[in-house]
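We did not get these values from a lab; they are worked out from the coordinates using the rules stated. Note that this is a predicted model, so its numbers are computed, not measured. So basically every Cβ, Gly included, is an ideal-geometry build from the backbone, and we count neighbours across all protein chains shown.
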Amino acid sequence: MSVETGFQSELRTEARPPSPRLGLLPMIIFGSRWLQLPPYLGLIVAQCVYIALFLKELWHLSWHALDLTEQQIMMSVLALIDVVMISNLLVMVIVGGYETFVSRLDLQGHPDEPEWLGHVNASVLKIKLAMAIIGISSIALLRTFIEAGNLGSNSYTENGVMWQVLIHITFIVSALGIAYVDKLGDSGARKHAE
């Protein structure tokens, strides 16, 4: 029992140091970060909508699996993957954005702490988001290429496919540009530190 009491008192002594006193204006400016909370909560609602969409797509695929062609099954599976990737993007924005811009989540030592969260900052978050957008765009482009045999029918036209490819290339070039600028900033900061 004394060991337990000693452990509890040790935890209390390792508590966070007291926060410094802020003046009124810095307190208002710093406190304004909490205005980000409603958008993050809204993204959690959007995550719930994507879960409902995923379940709807999964139900449709499961219920009609014997009636669908291989191509239709592939398109349904790609739609499921697309929903999962967008859902992953939402998680990165919600968790990473909240941790970076609003407040710490204090997940250190939690068994489910995401590996990437330990070293997330605004630059890392931008690169991860760019990579997720490229992944989502890749799935959409793959779906378009699978449906390429239907050019002229539905919503697939040569012009539309060309624009989709150009937009995807733009995403890739943008992500490379973000990564390059981030690398330049890191090497400049290291030189300045030396």
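For a quick check of your reading of the filter: which trypsin sites (Lys or Arg not before Pro) in region 21-86 sit in a DSSP loop and have no more than 16 other Cβ atoms within 10 Å? Walk me through the numbers on the way to the answer.
Working: sites: 21, 33, 56; in loops: 21.
Within region 21-86, the qualifying trypsin sites (Lys or Arg not before Pro) (loop, at most 16 other Cβ atoms within 10 Å) are 21.
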Starting from the 7 Å offset along Cα-to-Cβ, what nm value, one decimal, do you get for the label separation of residue 165 and residue 186? 3.3 nm
Förster-model FRET efficiency, 30 Å R0, residue 138 and residue 67, C-beta, rounded to 0.05: 0.60
Run the numbers for residue 121 and residue 21: contour at 0.36 nm per residue of separation, minus the present Cα-Cα distance, in nm. 33.5 nm
Quick one: what do you get for region 47-163 if you divide its Cα Rg by 2.2 N^0.38 Å? 1.35
Assuming R0 = 41 Å, can you tell me the calculated FRET efficiency for the pair residue 106 and residue 80, based on Cβ-Cβ distance, to the nearest 0.05? 0.75
For q values of 0.21, 0.24 Å⁻¹, compute log₁₀ I(q)/I(0) with the Debye formula on a Cα-only model of region 15-110, without solvent. -1.05, -1.18
Expressed in nanometres to one decimal, the distance between label points 7 Å along Cα→Cβ at residue 44 and residue 30 is 2.5 nm
